[in-house]
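Trainee: Sharing a structure below in structure tokens format, with a few things to ask.
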Amino acid sequence: MKRGKNAEEAPGDGENDTGSASAKKAKKTKEPEAPVLYEDPPDKLTSKDGRSANMKITSWNVDGLRAWVKKKGLDWVREESPDVLCLQETKCSEKALPADITSMPEYPYKYWAASDEKEGYSGVAMLCKTEPLKVTYGIGKEEHDKEGRVITAEFPNFYLVTTYVPNASKGLVRLDYRKTWDVDFRAYLSELDMQKPLVLCGDLNVAHQEIDLKNPKGNKKNAGFTPEEREGFSQLLEAGFVDSFRELYPDQANAYTFWTYMMNSRSKNVGWRLDYFVLSSSLLPGLCDSKIRNKAMGSDHCPITLHVAV
């Protein structure tokens with residue numbers, strides 16, 4: 001996701017006109033405040049009901065697979081070693097995939113979806129250590145499926161869905177389309193959930209609540225934080241799904257997964273939480289941890305990892 005506008009909070013000057021000249025001078029020379037960073041706590045590997053995590057899933061919007069591979073993204077993946085790796089915004093047709101990733105022996109089962117019409121646009125991937133029972137592409141609606149945004153894998157005890165949700169875009173030119181997507185995608189997930197519980201992961205292109213971005217006030221009319229997009233996510237949760245990170249860390253501020261490349265936003269931690277693991281409520285007893293790996297570089301997003309007992 002790309003955003004230039006209002007990525008950073010506008011600093012207030014805090015000056016008091018009735019203060020002395022020396023006080024004003026002192027304020028002007030005050031050091032800028034240190035950024036408030038998020039420290040990813042140690043991984044929890046046991047669920048509330050006492051089971052050990054037996055599935056580790058990582059999701060990462062790589063903002064261009066080929067560039068991400070060159071930036072050594074795969075080195076981090078090998079170290080993290082998830083059972084399943086889900087990637088979004090691959091921007092790469094299957095024939096143009098780098099050999100570094102197509103030949104990875106750690107993940108013998110690899111699945112790719114790309115935009116039918118636009119090269120270098122959208123795209124998702126799923127790499128698995130064990131073979132899923134079945135893999136499908138899209139959600140069964142041509143208007144959505146031509147952009148290569150969804151892969152669904154069926155495992156014995158759950159479905160795993162990875163998605164790159166459409167961005168409402170600059171000037172909100174795709175907001176109406178996004179609203180249609182939200183309704184159709186929710187219906188698709190609800191239908192799956194009737195058969196087996198599911199884990200949804202990916203770049204959902206929405207910061208749900210004010211706590212989920214640094215500058216909520218300045219972004220209420222911008223893609224990713226409009227009332228319509230936030231309501232779409234609320235309706236997904238109301239349909240029987242859970243935001244795993246907020247379930248475990250309800251009051252954790254400054255925990256973001258996306259930072260624009262501009263204005264040193266990442267070093268200042270001026271970001272948005274756009275990447276999620278959303279679970280069927282029936283999987284909640286097995287939830288162990290939902291991680292934001294904000295030290296991992298290689299994209300304008302960082303990876304997230306889920307530990308779950310299924």
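Trainee: Would you check if Glu143 is part of a helix (DSSP H, G or I), open to solvent by 70 Å² or more (accessible area, probe 1.4 Å) and farther than 17 Å from Leu198 by Cβ?
Mentor: yes
Trainee: Another question about this same structure. Tell me which strands (runs of 3 or more DSSP E) are completely within the stretch 269-310 and hold 2 or more residues being touching a His at 6+ places or on another chain (Cβ under 6 Å) and modelled with pLDDT of 95 or more, or say none if there are none.
Mentor: So the answer is 287-292.
Trainee: Among the candidates Ser47, Ser52, single out the residue that is at pLDDT 95 or above, over 25 Å from Phe185 (Cα atoms), over 22 Å from the mean Cα position of the chain (by Cα) and crowded, with 16+ Cβ neighbours inside 10 Å.
Mentor: Answer to the selection: Ser47.
Trainee: Between Glu228, Glu238, which is surrounded by fewer than 14 Cβ atoms within 10 Å (Cβ to Cβ) and out of contact with any Asp or Glu (no Cβ under 6 Å at 6 or more places or on another chain)?
Mentor: Result of the check over Glu228, Glu238: Glu238.
Trainee: Looking at Thr305 and the list (1) of a type outside the set (Gly, Ala, Ser); (2) within 26 Å of Lys71 (Cβ to Cβ); (3) in contact (Cβ under 8 Å) with a residue 12 or more places away in the chain; (4) open to solvent by 10 Å² or more (accessible area, probe 1.4 Å), which single condition is not satisfied?
Mentor: Only one criterion in (1) of a type outside the set (Gly, Ala, Ser); (2) within 26 Å of Lys71 (Cβ to Cβ); (3) in contact (Cβ under 8 Å) with a residue 12 or more places away in the chain; (4) open to solvent by 10 Å² or more (accessible area, probe 1.4 Å) is unmet by Thr305, namely (4).
Trainee: Report, ordered by the first and then the second residue, all pairs with beta carbons closer than 7 Å, sequence separation of six or more or different chains, a first member in the stretch 43-66 that is on the phi > 0 side of the Ramachandran plot, and a second member that is at pLDDT 95 or above and not in a loop (DSSP other than H, G, I, E, B).
Mentor: Asp63/His301
Trainee: Sticking with this one: Does any residue of the stretch 264-286 turn out to be within 28 Å of Asp49 (Cα to Cα), in contact (Cβ under 8 Å) with a residue 24 or more places away in the chain, hydroxyl-bearing (Ser, Thr, Tyr) and open to solvent by less than 10 Å² (accessible area, probe 1.4 Å)?
Mentor: yes
Trainee: Of the residues in the stretch 186-203, how many are under 19 Å from Val124 (Cα atoms) and either open to solvent by 10 Å² or more (accessible area, probe 1.4 Å) or assigned to a helix (DSSP H, G or I) (or both)?
Mentor: If we filter the stretch 186-203 for residues that are under 19 Å from Val124 (Cα atoms), which is where we start, we get 186, 188-189, 198-203.
Still in the list and also either open to solvent by 10 Å² or more (accessible area, probe 1.4 Å) or assigned to a helix (DSSP H, G or I) (or both): 186, 188-189.
Final tally of qualifying residues: 3.
Trainee: Quick one: what pairs do we get from the stretch 162-175, first residue under 28 Å from Ile57 (Cβ atoms), second of a type in the set (Asp, Glu), C-beta under 6 Å, 6+ apart or different chains?
Mentor: Cβ pairs passing all conditions: Tyr164/Glu89; Tyr164/Asp203.
The values are calculated or read from the model by the stated rules, or taken from the named source; none is laboratory data. As the structure is a computational prediction, the values presented were derived from the model and not from experiment. Glycine gets a Cβ as well: all are built from the backbone with ideal geometry, and neighbour counts include every protein chain shown. Please note that ligands, DNA and RNA were not included when accessible areas were found on the heavy atoms of the full protein model with its side chains. Shrake-Rupley method; radii C 1.70, N 1.55, O 1.52, S 1.80 Å.
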